[in-house]
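Here is the structure we will look at, set down as structure tokens.
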Amino acid sequence: MRPLIAGNWKMHGSLAEASRLAEELKGGASGADLLVCPPFLHIQAVVSAVQGSAVAVGGQDCHAAAKGAHTGDVSAAMLRDAGATHVILGHSERRADHGETDAGVRAKTEAALAVGLTPIVCVGETEAQRLAGEAERVVETQLSGSLPDGFAEAGGVVAYEPVWAIGTGRTPTEDDIAAIHGAMRRVLVGRFGKAAEGTRLLYGGSVKPGNAAAILALPHVDGALVGGASLVAADFLAIAKAAG
Ligand SMILES: O=C(CO)COP(=O)(O)O
């Protein structure tokens, strides 16, 4: 499966910095698909900057409704209109900061699929849940609650991001990543059948140039969702290179 290396820029950078970073990524085509997800306000500029290159652009969230009185929100169609092809949904920071639930993430994912955006649905356990031996169960519950019917058939992507590994420099052991990714594949194939054999399963949480090759070589790890290291072009491109 061709790996996907996705950068989640979160709430970082100015408009000028976003355009510059996008320009720096343009020449970086490799054996992996590249995606960057800037803040909403920078999407159009980044789409312009990467035009003609293989770099795709995504949003970091969208509303579940197609339109309406939802002050401050952005619809899936607006993202697509701005040139985005993907959208990250259910990131743990949104689950924590905005109280997003599995059912809410599922509704947003349906909205994204309805307009032809590729959703990247995030799941992952907290440190307390891992220490209690509940990581696999938590991830399986999040998957079954957050993914709508037709998800795998439509090419949806899943990202496993242990909450305690995000921005901390800590990662699970390779065995632990492989175990969760194997469990996710089993759950998805059990629900969606053969289509889920091709579902890209990304790992996210402190992916850096130094650990990317080892993580990306694990079974059922089909790419990475990168936060901090995606803000430095050389680091993001080094991670992409490690993927293929
Ligand atoms: O949350 C993440 C990507 O969505 C991971 O962030 P870091 O790579 O900074 O740990």
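The values are calculated or read from the model by the stated rules, or taken from the named source; none is laboratory data. Just so it is clear, the structure is predicted and the values come from calculations on it, not from any experiment. Please note: Cβ atoms are built from the backbone with ideal geometry, for glycine as well, and neighbour counts cover all protein chains shown. Each accessible area value is taken on the protein alone, full model and side chains, heavy atoms only, with ligands, DNA and RNA left out. Shrake-Rupley method; radii C 1.70, N 1.55, O 1.52, S 1.80 Å.
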Quiz item: At ARG186 and LEU131, where each label point lies 7 Å from the Cα along Cα→Cβ, what is the point-to-point distance in nanometres?
Solution: 2.7
Quiz prompt | Per-residue SASA entry for VAL189, accessible area with 1.4 Å probe, Å² rounded to 10 | solution = 50
Self-check item: Violating pairs (Cα-Cα greater than 25 angstrom) within the set LYS108/LYS208; LYS26/LYS241; LYS10/LYS208; LYS10/LYS241
Solution: LYS108/LYS208
Quiz item: Ignoring ligands, DNA and RNA, what accessible area per residue does region 141-241 give at 1.4 Å, in Å²?
Solution: 37
Quiz item: Can you work out the FRET efficiency for the pair ALA69 and ALA214, with r the C-beta to C-beta distance and R0 = 45 Å, to the nearest 0.05?
Solution: 0.40
Practice problem: Helix by helix through the chain, keep the DSSP H runs that span 20 Å or more along the axis on Cα and average at least 0.0 on Kyte-Doolittle, and give those back in order. | Solution: 174-192
Self-check item: Förster radius 30 Å - calculated FRET efficiency between HIS98 and GLU24, Cβ distance, rounded to 0.05
Solution: 0.45
Practice problem: Report, to the nearest whole %, how much of the accessible area of region 4-243 belongs to carbon and sulfur atoms, 1.4 Å probe, protein only. | Solution: 54
Exercise. Compute the relative contact order of the chain as a whole-number percentage, counting only Cα pairs closer than 8 Å that sit 6 or more residues apart in sequence.
Key: 21
Quiz item: Given the C-alpha centroids of region 108-129 and region 64-88, what is the distance between them in whole angstrom?
Solution: 14
Self-check item: In nm, spacing of pseudo-spin labels at ASP149 and SER48 (7 Å Cα→C-beta vector)
Solution: 4.4
Quiz item: Quick one: Cα centre-to-centre distance for region 152-204 and region 10-62, in angstrom?
Solution: 24
Quiz item: How many Å² of accessible area per residue for region 3-117, probe 1.4 Å?
Solution: 46
